[in-house]
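Some notes on the structure that comes next.
The values are calculated or read from the model by the stated rules, or taken from the named source; none is laboratory data. Source: prediction; values computed, not measured. Don't worry about glycine lacking a Cβ; one is built from the backbone with ideal geometry, like all the others, and counts go over all protein chains shown.
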Amino acid sequence: MRRIFLKACILYLLGIFVVISPFSSFVFAEESYGQKRQAMIENHIKGRGIKDRRVLDIMGKIPRHLFVDEHVRDRAYGDHPLPIGEGQTISQPYVVALMTEALQLKPTDRVLEIGTGSGYQAAVLAGIVKEVYTIEIRKSLAAQAEKRLKDLGYTNVKVKYADGYFGWEEFAPFDAIIITASANHIPPPLIRQLKEGGRLILPLGSTVYYQTLTLATKRKGDLDVQQMGAVAFVPMIGESDKKR
Ligand code: SAH
């Protein structure tokens, strides 16, 4: 009798373990992602000179590991770009922070992004400004990013599958524009869709090797241009590519 009781107890405890174990490993994994995210902020973002409080706060909250393929999740908080499928990459966290800070965003701003990719940069923007419009030329990436952002609860981001070269006329003009693919010139439709006094940032130059991160401010219809250092981005394709 005692033996049966003992067996029942063991089976019962085993049952509890089987139920709790996947849950606890999920909790531990989330905790470890949280720690990695804080280390990323301290070492690669703050540590390399980013000061904008809103950029630091929002990047400290967004689960970047959910924006990359499952097999590279462990590396999501490292100081490097990562593959997101279709030969494309999610930008290195420092570069995301640098470009976002340079735009000097306000909570009331409406921002256009060209090159949705994983949707991570759009999520960072969405945590700071009122509305984000983001365009992706690769259909499957656009669909995945739209679903990801919806699942994560973002209601102020609109994703469009199109060539970003032509911007998004319907919602123009924008307070800021960010192009996250390299181009050898600034697409004229995007200059037209930027507000007076607005800022546009992009990796400008050779689309094969390195580019210069370039910040342009629209003044009296013209662009005031400031260079911010070398970066390496995947190329902008579509119309931009035809005009090399
Ligand atoms: N901002 C992204 C990373 C960008 S990678 C992120 O946070 O994950 C560059 C992206 O630009 C790729 O997904 C690529 O498909 C896209 N792209 C290239 N040319 C484009 C174009 N003409 N219009 C819109 N998107 C383009």
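Report yes if some residue within the range 81-93 is closer than 21 Å to residue 174 by Cβ, over 12 Å from the mean Cα position of the chain (by Cα), of a type in the set (Ser, Thr, Tyr) and within 13 Å of the ligand (Cβ to nearest atom); otherwise report no. Checked the range 81-93: no residue is closer than 21 Å to residue 174 by Cβ, over 12 Å from the mean Cα position of the chain (by Cα), of a type in the set (Ser, Thr, Tyr) and within 13 Å of the ligand (Cβ to nearest atom). Within the range 128-149, being surrounded by fewer than 21 Cβ atoms within 10 Å (Cβ to Cβ) and assigned to a strand (DSSP E or B) holds for one residue alone: 131.
All of (1) outside any helix (DSSP H, G or I); (2) under 16 Å from the mean Cα position of the chain (by Cα) hold for residue 37 with one exception: (1).
All but one of (1) surrounded by fewer than 21 Cβ atoms within 10 Å (Cβ to Cβ); (2) of a type outside the set (A, V, I, L, M, F, W, C); (3) under 21 Å from residue 87 (Cβ atoms); (4) more than 17 Å from the chain's Cα centre (by Cα) hold for residue 161; state the number of the condition that does not hold. Unmet condition: (4). For the range 69-92, the condition holds for no residue, the condition being that it is assigned to a helix (DSSP H, G or I) and of a type in the set (Gly, Ala, Ser).
Run down 125, 152, 103, 112 and say which single residue is surrounded by 15 or more Cβ atoms within 10 Å (Cβ to Cβ), under 12 Å from the mean Cα position of the chain (by Cα) and either more than 9 Å from the ligand (Cβ to nearest atom) or within 25 Å of residue 219 (Cα to Cα) (or both). Step through it out loud before you land on a result.
Values: 152 fails: under 12 Å from the mean Cα position of the chain (by Cα); 103 fails: under 12 Å from the mean Cα position of the chain (by Cα); 112 fails: under 12 Å from the mean Cα position of the chain (by Cα).
Result: 125 is the single residue among 125, 152, 103, 112 that is surrounded by 15 or more Cβ atoms within 10 Å (Cβ to Cβ), under 12 Å from the mean Cα position of the chain (by Cα) and either more than 9 Å from the ligand (Cβ to nearest atom) or within 25 Å of residue 219 (Cα to Cα) (or both).
Do we find that residue 147 is without any contact (Cβ under 8 Å) to a residue 40 or more places away in the chain and among the charged types (D, E, K, R) in this structure? Let's see the steps before the verdict.
Working: without any contact (Cβ under 8 Å) to a residue 40 or more places away in the chain: yes; among the charged types (D, E, K, R): yes.
Spelling it out, residue 147 is indeed without any contact (Cβ under 8 Å) to a residue 40 or more places away in the chain and among the charged types (D, E, K, R).
Might you check whether a residue that is within 16 Å of residue 89 (Cα to Cα), without any contact (Cβ under 8 Å) to a residue 40 or more places away in the chain and away from the ligand (no atom under 15 Å from the Cβ) occurs anywhere in the range 202-214? Yes, the range 202-214 has at least one match.
For the criterion of being of a type outside the set (S, T, N, Q) and modelled with pLDDT of 95 or more, residue 29 fails.
Within the range 184-192, one or more residues are more than 22 Å from the chain's Cα centre (by Cα), of a type in the set (D, E, K, R), more than 14 Å from the ligand (Cβ to nearest atom) and farther than 18 Å from residue 94 by Cα.
Do any strands (runs of 3 or more DSSP E) lying entirely in the range 186-244 carry at least 3 residues that are charged (D, E, K, R), and which ones are they?
On the way: elements: 194-204, 211-219, 222-231.
Per the criteria, 194-204.
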